[in-house]
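K.L.:
Dumping the structure here so I can ask a few things about it.
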Amino acid sequence: MQQAMAETIGLKALGWLAGNEELLPVFLGATGSGVEDLKAGAGDPAYLASLLDFICMDDAWIVAFCDAEGLAYDTPMQARAGLPGGGEMHWT
């Protein structure tokens, strides 16, 4: 996935997370972010990547996000791969 499309998916994830009253505090607590950081992060591909990393930690979060946005369940991981630091890890 090209970076522009990956950023669009990241922005959709940001909007979904901002509207999720249960999960938003978990994200903010886990990252040390505040609401102002969310606003600033909208223009930062690395921040969007970290947000997608967070959502991809739990299958239920992926399903909820993708269902809400009408996306295939592998879209968040594809978008993550298109953002900074998203290349596949090689452990050797």
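K.L.:
Could you go through region 65-72 and let me know if any residue there is exposed (fewer than 11 other Cβ atoms within 10 Å of the Cβ) and in a loop (DSSP other than H, G, I, E, B).
P.N.:
yes
K.L.:
Considering region 5-64 alone, what residues qualify as being assigned to a helix (DSSP H, G or I), of a type in the set (Asp, Glu) and surrounded by 12 or more Cβ atoms within 10 Å (Cβ to Cβ)? It would help to see each step written out before you state the result.
P.N.:
Going residue by residue through region 5-64, those that are assigned to a helix (DSSP H, G or I) are 5-18, 23-31, 35-41, 45-55, 59-64.
This time we only want the ones that are of a type in the set (Asp, Glu), so: 7, 36-37, 53, 59.
Selection gives GLU7, ASP37, ASP53.
K.L.:
Looking at the structure I just gave you, is LEU71 aliphatic (A, V, I, L, M) and modelled with pLDDT of 95 or more?
P.N.:
Answer is yes for this residue.
K.L.:
While we're here: Determine whether ALA81 is surrounded by fewer than 19 Cβ atoms within 10 Å (Cβ to Cβ), over 10 Å from the mean Cα position of the chain (by Cα) and touching a residue at least 40 places away in the same chain (Cβ under 8 Å).
P.N.:
For ALA81, the condition - surrounded by fewer than 19 Cβ atoms within 10 Å (Cβ to Cβ), over 10 Å from the mean Cα position of the chain (by Cα) and touching a residue at least 40 places away in the same chain (Cβ under 8 Å) - is met.
K.L.:
Looking at this structure, is VAL35 within 16 Å of PHE65 (Cβ to Cβ) and either of a type in the set (A, V, I, L, M, F, W, C) or in contact (Cβ under 8 Å) with a residue 60 or more places away in the chain (or both)?
P.N.:
no
K.L.:
Are there any pairs with C-beta distances below 8 angstrom linking a residue in region 3-31 that is free of Cβ contacts under 8 Å to residues at least 40 places away in the same chain to a residue that is of a type in the set (Asp, Glu), with the two at least 6 apart or on different chains, and if so which?
P.N.:
As it stands, the answer is THR31/ASP37, since those pairs meet every condition given.
The values are calculated or read from the model by the stated rules, or taken from the named source; none is laboratory data. Bear in mind the structure is a predicted one, so any value in this text is a computation, not a measurement. We place every Cβ from the backbone using ideal geometry, glycine too, and count neighbours over all the protein chains shown.
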